Each structure stands twice: as structure tokens, then as C-alpha cells.
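Nothing in this text is a laboratory measurement; each read-out follows from the coordinates by a stated rule. Small disclaimer: the values here were computed from a predicted structure and weren't measured. Cβ sites come from the backbone with ideal geometry, for glycine too, and all protein chains shown count toward neighbours.
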Amino acid sequence: MADIRTADAIPSWDSITASWLTDRLHEAGHTAVSVRGFTRTQIGTGQIGKCICFALDLEGNDPAAPRTLVGKFPSDDPTSRATGVALKNYIKEVSFYRQMQKRVTISTPRCYYAQIEGEGPNFALLLADLSPAKQGDQLAGCSVDVARAAVLELVGLHAPSWCDETLRGIDWIGAPDGAGADMTRMLYAAQLPGFLARYGAKLAADEIEIIERVAESKSVPFEGLPSPFSLIHIDYRLDNLLIDETVRPMKISVVDWQSITLGSPLGDVAYFLGAGLVSEDRRRVERDIVHAYHAALSAAGIRDYPWERCWNDYRRGAFAGFAVTVIASMLVQQTPRGDDMFITMARRHSRHALDVGAREFLG
């Protein structure tokens, strides 16, 4: 990727030209083609970022050259942009593609461009379009087969970074500590009244009770760096997965690396299963899927992690989605789909914690 250092060199979604796209293709090794023209189509609504699909009209002969690319840029909404900077979402995602993508084996799209001014909000990413893979649907949930494949894909993130001390102290990655945990707890408590005013009428009484109880916790989910730790996605849910069921085994690829940090690997697993499966399906299959994840970790060389500890870490991880749901819902631009998504997540995460008896971990 080109080493772009000046802010005015980072394009906005509507300033990209055919010449600029040609340069990106040439840098990637596709020197026999050039972009004559292109069309833009917005993808989704986004909460922090804005995604655009660029359909390329190519001149030249290179069957391997991409015909479509996906660009990611800061949100148009000032509140969302401010949130993206404050939570380091923009610098995390750009830095993942620049520095960390090759260190892990989890499936991610090829990156053609990744630049940012400071910590944002001015940034741009240009990624491979993974069609015919389709974005998962957080509201609809997924099949058990997709859930199993998605959880097993996490091994490619967790195992290569398992208790890797060299990852500690990297500013953009970060890691939970006492001060950060206290800040997150205070932010959760501050946003909770607004969250319940907006969504409480659609929640069951026991769901509201455990969401409120988390605000008082001095332990999970507001803790320092756990043991074991690894790189974690944090927002590992269906909307951030591209699923290709036209191949066998199905291929799961992961996007939206805006929250990557160090933490409990089983938090990612619990977050996905708690939000991605309807409760009836999750209750039926979650133990088997976590067993499969544990076996895959062992096959990847992580052999000092007993099953009983893995299962208890998974149960503790049932709270992983609470802070994302309560805090993010109040700090990003409100949209109808966003409202539906956050209420669905609140229901599923709270029901998950109740089902696995995770309340005992609240300090």
C-alpha cells in the first residue's frame, strides 16, 4: 500500500477518481489494467462508518483484477464521527489492516488501501469485495451451521495471539485495565437511563433487571486484562460477517475491525452465540459448539486450557454484549434498523446471561 502521509491525500467517498483506483490496482500488482470509469453504490446504513461499493469498468487484460471493490469512510453524522474518534474505532481498523492482518489467520478481505490522519475521523479503506458472500443479518439470526462455522473461524484470531505479551503496550490495540474498566462502568451507568427509556418497554422484567444489575458490578464485564487473553474482535456478530454458502465447507470472512483489543477470547464466542442465534437454538447447541471451538484451539496448539475453564469463561462472556448494546446504542446516530438491532441484542444477550446462570459472576 502507498505510504500516504498528508491529510489531503486521503480521499473522501465522493472524491475518488478512476485514476486513483487505477493506482491502487497497480500497487496490488494488476499493472495490465486501468479503470476507465466506475459507479458507486452505498452498502447498508452503518453506525460509525460509511461503506461504498465501487463497480469498476476496466481496460486491459487481467482476469485476476477485481471488478468491484468496497470502500469504507467515516460516517456523515457528526455524532458518529466523534464517537469513532473517541473510541479509537477508526485508528483501530486502519491499523489492523496495516499491521495485524498478516499476523492472524482469520479470514479477512484483501486490503488495497488503508490510511488515516491522526486518529481520525479522516480515513479511508479500500477492500476486496467478497461476493458472492452475503452479509449476515443480526435481526434474523443464523442457522446452527453458520454459527458453528463462525465460532470456529475465531480460532484464527485467538490462537495466533494467545497470551502474546508482545501485543501488550501497543496503544491502538489497548487492553482493559482498572481505570478503563471504571470509565466503561461509569459510561454504562450514565447511558443506562436513556437506553431503558428508549427500549425498556420492549424488554421482559428479568431482562431489565439483569441489565440494571450489570451497572453495579465490580467485576464482569468491567475488568482488567484477563488470563488467558488474546486479540478479540469485540463486535463479532452477524452484521460484521460475510458468509459464502456456495462453497463447502462454507467460508466466513470478518470485517469491521473497529473495536479490536486484548481481552477474553471466550467473550467473542459468547457474544456471537448470544446475539446470533435465537435463544431456543442457542440453548440446544451452545455447549456442543463451544466444545468444537475448544477442540480447534487444542489442534492449533493451545493445550493448556482445560475444558472446564473454557466453559466457565464462556459463561462469564455472556456479559460481553451488554456494554456494546447499552453504550453504543446511545452514542451513534439513531436509525430504525439500529433500534431494531439494539433491542434484539438486548433481549438475546440478557436472556443468554440468565440461561447460563452467569449472574453469579457479577461482583
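In nm, to one decimal, how far is the residue 76 label point from the residue 186 one, both placed 7 Å along Cα→Cβ?
So the label points at residue 76 and residue 186 sit 3.6 nm apart.
What FRET efficiency do you get for residue 67 and residue 308 if R0 is 45 Å and r is their Cβ-Cβ distance, rounded to the nearest 0.05?
After rounding to 0.05, the efficiency reads 0.35.
Lys/Arg Cβ at +1, Asp/Glu Cβ at -1, dipole of segment 71-229 taken about the Cα centre: which of 189, 96, 214 is farthest positive-ward?
96
Using only Cα atoms, figure out Rg for the chain and give it as a multiple of 2.2 N^0.38 Å.
0.99
Given the Cα-Cα distance of residue 27 and residue 218 and 0.36 nm per residue of separation, how much length would full extension add, in nm?
63.8 nm
So what's the net charge close to residue 131: Lys and Arg +1, Asp and Glu -1, counting the other residues with Cβ under 14 Å from its Cβ?
+1
Can you tell me the dipole magnitude for segment 317-363 around its Cα centre, using point charges on the Cβ only (Lys, Arg +1; Asp, Glu -1), in Debye to the nearest 20?
Dipole size: approximately 40 debye.
For a Förster distance of 30 Å, can you work out the FRET efficiency between the beta-carbons of residue 288 and residue 246, rounded to the nearest 0.05?
0.70
Along the charge dipole of segment 134-361, which of 306, 180, 159 sits closest to the positive end, that is, farthest toward it, with unit charges on the beta carbon of Lys, Arg, Asp and Glu (+1, +1, -1, -1)?
306
Compute, for the chain, the length of the dipole vector about the Cα centre, with Cβ point charges of +1 (Lys, Arg) and -1 (Asp, Glu) only. Units Debye, rounded to 20.
340
Multiply the residue separation of residue 171 and residue 208 by 0.36 nm, subtract the distance between their alpha-carbon atoms, and state the gained length in nm to one decimal.
Working it through step by step, the gained length comes to 9.8 nm.
Among 88/218; 92/251; 218/251; 72/218; 92/202; 88/134, which pairs are too far apart, with a Cα-Cα distance over 32 Å?
218/251; 72/218; 92/202, as the Cα separations exceed 32 Å there.
Pull out the extension gain between residue 110 and residue 278, defined as 0.36 nm times the separation in residues minus the alpha carbon to alpha carbon distance; nm, one decimal.
57.3 nm
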